[in-house]
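The values are calculated or read from the model by the stated rules, or taken from the named source; none is laboratory data. As the structure is a prediction and not an experimental result, all values here were calculated from the model. Positions of Cβ are backbone-derived with ideal geometry, glycine not excepted, and every protein chain shown enters the neighbour counts. When the accessible area is computed, the model is the full protein with side chains, heavy atoms only, and any ligands, DNA or RNA have been set aside. Shrake-Rupley method; radii C 1.70, N 1.55, O 1.52, S 1.80 Å.
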Amino acid sequence: MIAPKFHVKKNDLVMVVSGKERGKSGRILRVLPEKEKVIIEKINFIKRHARPHGKQRQGGILEKEAPLHLSNVMLLCEKCNKPVRIGHRVVEGSKKARYCRKCGEILDK
Ligand SMILES: [Zn+2]
């Protein structure tokens with residue numbers, strides 16, 4: 001079960017609202033529920049030194065997205081083009097969808 005504090009999920013478009021990556025936006029590649037972190041496409045790159053491994057892999061510097069804490073990201077509304085507060089509403093009878101509280105746009109499609 002996903003805890004309610006997880007306001008975002010995979011493939012959501014989010015914006016970083018604090019930290020050094022503040023103001024950047026991207027899609028969520030992965031959610032790490034046990035760590036309360038998310039990995040966002042092309043954000044928060046870290047350089048890692050990779051050791052040569054076996055014969056086929058070369059050593060060198062690898063760049064990889066590092067997870068960011070959930071509290072540092074907010075869902076981005078494409079219509080408002082800014083991070084917004086979201087609400088929940090029931091659509092199509094029973095499906096729960098998140099919507100932008102500002103413009104009313106449904107963010108779950
Ligand atoms: Zn909006």
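At-a-glance table
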item	result
Within the accessible area of the chain (1.4 Å probe), percent carbon and sulfur	49
Dimensionless Rg over Rh [the chain; C-alpha; Kirkwood]	1.10
Solvent-accessible area per residue, Å², over region 7-76 with all protein chains present [probe radius 1.4 Å]	70
For Glu105, distant residues with modelled amide H under 5 Å away	Cys100
Cβ-isolated cysteines (cut-off 4.7 Å), the chain	Cys103
